[in-house]
1. Examine segment 133-143 for a residue that is crowded, with 23+ Cβ neighbours inside 10 Å and out of contact with any helix residue (DSSP H, G or I) (no Cβ under 7 Å at 6 or more places or on another chain), and state whether such a residue exists.
2. Sort out which residues of segment 187-201 are over 30 Å from ASP212 (Cβ atoms) and near the ligand (Cβ under 7 Å from one of its atoms), and write them in order of number.
3. Going through segment 85-114 one residue at a time, which ones are touching a residue at least 12 places away in the same chain (Cβ under 8 Å), small (Gly, Ala, Ser) and assigned to a loop (DSSP other than H, G, I, E, B)?
4. Just to confirm my filter: which helices (runs of 4 or more DSSP H) fall fully inside segment 7-84 and include at least 2 residues that are charged (D, E, K, R), more than 9 Å from the ligand (Cβ to nearest atom) and closer than 22 Å to MET121 by Cβ?
5. So which of VAL129, VAL184 ends up being within 12 Å of the ligand (Cβ to nearest atom) and in contact (Cβ under 8 Å) with a residue 12 or more places away in the chain?
6. So for segment 92-114 (the condition being in contact with a Lys or Arg (Cβ under 8 Å, 6 or more places away or on another chain), at negative phi and among the polar types (S, T, N, Q)), does at least one residue qualify?
Amino acid sequence: MNDRTALVTGANRGIGRAVAQELHTRGLRVVVTGRDGAAAAAAAAEIGPRATAYRLDVTEPGDVEEAGKQLAPVDVLVCNAGVLLDAGTDPLGAPLDLVETTLRINLLGAWRVLQTFLPPMIERGWGRVVLVSSGTTAEFGGALFAGAPGYSLSKAAINGLTAMVAARTAGTGVLVNAVNPGRVRTRMMPGQQTPPEVAARFIADVATLPDDGPTGHFLTERRGSG
Ligand SMILES: NC(=O)c1ccc[n+]([C@@H]2O[C@H](COP(=O)([O-])OP(=O)(O)OC[C@H]3O[C@@H](n4cnc5c(N)ncnc54)[C@H](OP(=O)(O)O)[C@@H]3O)[C@@H](O)[C@H]2O)c1
């Protein structure tokens with residue numbers, strides 16, 4: 001993978017930063033993006049010499065369009081940026097302004113980045129796309145987690161988007177999968193035991209799948225759901 005370049009959204013901290021670090025350790029060039037350019041630059045400087053920083057707010061169409069012009073094509077895209085804003089609410093009481101912001105970042109932000117960076121991958125006939133989802137999505141036979149309804153629906157929609165985009169890219173050399181990183185200790189989930197580096201190894205595996213790897217799947221680490 002030494003000639004490959006990866007772009008990670010929300011990579012200034014948390015799981016995204018750990019994924020950028022892991023991919024860098026595996027020999028890829030990494031573009032560490034974050035909506036705060038200084039924070040992205042600080043993370044990239046710590047990650048290593050093949051890491052560069054780029055300011056990217058996934059909700060800003062102008063930012064994403066400019067990023068496409070400056071950075072595409074990339075070989076690996078990890079759509080990680082996300083927020084959990086409505087924890088502790090329920091579907092009947094969830095403040096819809098928070099739900100709207102959640103969908104704008106978690107779903108539309110990832111979708112916008114995909115629309116920009118995926119076509120050049122298809123053109124080149126090779127690419128790996130990972131959408132960071134969650135275990136709140138009812139994929140394991142339970143109910144959608146109703147204790148953060150906007151968040152859960154945003155991630156269920158990410159899984160649906162993954163399936164649609166994977167069907168659209170079938171046979172092109174571009175593999176598109178969603179992952180459940182499990183519960184990980186970050187600013188989003190400060191009470192968890194597992195450090196982000198553990199989830200990052202799993203996500204990096206999915207981001208570097210071999211050519212005969214799966215596409216359109218929702219992959220989860222065996223240690224549990226998040
Ligand atoms: N932690 C868990 O247990 C867990 C479990 C399941 C899924 N996940 C998913 O894993 C992903 C990473 O979460 P995390 O736990 O690492 O949380 P985190 O530490 O809160 O990190 C979230 C990242 O997303 C960025 N972000 C938020 N809005 C953005 C925007 N508009 N444009 C660009 N970046 C934006 C944040 O940037 P700022 O620093 O600027 O805010 C930050 O870099 C999320 O998609 C989350 O849903 C996490």
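1. Among the residues of segment 133-143, not one is crowded, with 23+ Cβ neighbours inside 10 Å and out of contact with any helix residue (DSSP H, G or I) (no Cβ under 7 Å at 6 or more places or on another chain), which makes the answer no.
2. Residues satisfying the conditions are ARG187, MET188, MET189, GLN192.
3. Once the filter is applied, which keeps residues that are touching a residue at least 12 places away in the same chain (Cβ under 8 Å), small (Gly, Ala, Ser) and assigned to a loop (DSSP other than H, G, I, E, B), segment 85-114 yields ALA87, GLY88, ALA94.
4. 61-71
5. Every option except VAL184 fails the conditions.
6. Scanning segment 92-114, I find at least one residue that is in contact with a Lys or Arg (Cβ under 8 Å, 6 or more places away or on another chain), at negative phi and among the polar types (S, T, N, Q), so the answer is yes.
Taken together, the values in this text are just the output of simple stated rules run on the coordinates, not laboratory data. The shown structure was predicted, so the numbers you read here are calculated from the model rather than taken from an experiment. Ideal geometry is used to build each Cβ from the backbone, glycine not excepted, and the neighbour counts take in all protein chains shown.
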